[in-house]
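To start, the structure itself, in structure tokens.
The values are calculated or read from the model by the stated rules, or taken from the named source; none is laboratory data. Predicted model only: the values in this text are computed from it and were never measured. A quick note on method: Cβ atoms are made from the backbone with ideal geometry, for glycine too, and the neighbour counts reach across all protein chains shown.
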Amino acid sequence: MSETMKASAPPEKSGAMAEVVEIIKTIIYALLIALFLRVLFFQPYTIPSASMEPNLYEGDYIIVSKWTYGYSKHSIPLSPPLFSGRILERPAHRGDIVVFKLPHDNSTDYIKRIIGLPGDRIQMKQGLLYLNGKQVPRVSLGTVREDSGYGFMHDVTRYRETLPGGKSYVTNDFGPTGDLDNTDVYVVPEHHYFMMGDNRDNSSDSRVSPEAGGVGYVPAENLEGKAQIILLSWKAGASIFKPWTWVLNAQPSRFFHLLQ
């Protein structure tokens, strides 16, 4: 009487396959945990431009809190249209440094400071900021030599500006004759915010309309989170593909710097 034998995988192959499955499962779990933390709690960003100098420099690696203003579709990677508005919404405040989705494409991340709340009237006159008809007070901190953002050095005056409510921060001013130093009055619509860069003469912000390539008014739904801390920072020229620059181009004096 003949007996049919059933082939079975060698123990070594079976063990290797089980190990691969476990590795894949571990990677999936790690990705799900990272996604959970990114959506609900913190998200890192790298500063790509000079528009927020002298408070944020290109190469700063910052941490943004995601819960500060509640959650919108933009809290989730790729901004899936799962819902509109915000869940657990809390209002933003004048002076907050905020990461948001650019309104005219809803995909590009921008970082600016909130200057105007819904209903506020904003205007620039001779480089001075006016809020609801009153000049925002500022005090000169002196002049320094700094890159204007276009690759050459310029004298820049720094001012400490103080918003209603007491929020204070430093701005860069290259003079009162820039393209955005004299503007019409902007009236911030309901459920929107008015954003400005701290580097006042080198920032395409709410003073520039979306049609002209600027930001315009930012819907509350587009806020992603509040910038809280500079975790790490590197000077220009640092690269992930050049390990020696991780040390040589590091700026330890900016590590763990709380943002105002």
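Some notes on this structure:
- Filter pass, Val64 being within 10 Å of Gly225 (Cβ to Cβ), touching a Leu at 6+ places or on another chain (Cβ under 6 Å) and of a type outside the set (Phe, Trp, Tyr): no
- Condition met for Ser233 (within 24 Å of Thr68 (Cβ to Cβ) and touching a helix residue (DSSP H, G or I) at 6+ places or on another chain (Cβ under 6 Å)): yes
- Elements of type strands (runs of 3 or more DSSP E) in segment 1-108, at least 3 residues being of a type outside the set (Val, Ile, Thr), modelled with pLDDT under 95 and under 20 Å from Leu258 (Cβ atoms): 42-46
- Residue list for segment 181-196, filter: aliphatic (A, V, I, L, M) and farther than 14 Å from Asn222 by Cα: Val185, Val187, Val188, Met196
- Set Val208, Val187, Val218, Val170: member being at pLDDT 95 or above, surrounded by fewer than 19 Cβ atoms within 10 Å (Cβ to Cβ), among the β-branched types (Val, Ile, Thr) and under 18 Å from the mean Cα position of the chain (by Cα): Val170
- Subset tally (residues that are under 21 Å from Asp109 (Cα atoms), assigned to a loop (DSSP other than H, G, I, E, B) and of a type in the set (Ser, Thr, Tyr)) for segment 170-220: 5
- Asp181 meets the stated requirement of being of a type outside the set (Val, Ile, Thr), modelled with pLDDT of 95 or more and touching a strand residue (DSSP E or B) at 6+ places or on another chain (Cβ under 7 Å).
- Residue check, Asp198 among the charged types (D, E, K, R), surrounded by 16 or more Cβ atoms within 10 Å (Cβ to Cβ), within 25 Å of Pro48 (Cβ to Cβ) and at pLDDT 95 or above: yes
- Residue match in segment 223-241 (condition: among the acidic types (Asp, Glu), within 18 Å of the chain's Cα centre (by Cα) and surrounded by 19 or more Cβ atoms within 10 Å (Cβ to Cβ)): yes
- Scanning segment 130-141 for any residue that is over 24 Å from Pro210 (Cβ atoms), among the small types (Gly, Ala, Ser), part of a strand (DSSP E or B) and more than 21 Å from the chain's Cα centre (by Cα) turns up at least one such residue.
- Flag: Lys112 does not match the condition of being more than 17 Å from Ala227 (Cα to Cα), in contact with a strand residue (DSSP E or B) (Cβ under 9 Å, 6 or more places away or on another chain) and at pLDDT 95 or above.
- Ser72 surrounded by 10 or more Cβ atoms within 10 Å (Cβ to Cβ), closer than 30 Å to Asn249 by Cβ and in contact (Cβ under 8 Å) with a residue 60 or more places away in the chain: no
- Among all positions in segment 146-157, there is no residue which is farther than 23 Å from Ala50 by Cα, of a type outside the set (Lys, Arg), in contact (Cβ under 8 Å) with a residue 12 or more places away in the chain and not in a strand (DSSP E or B).
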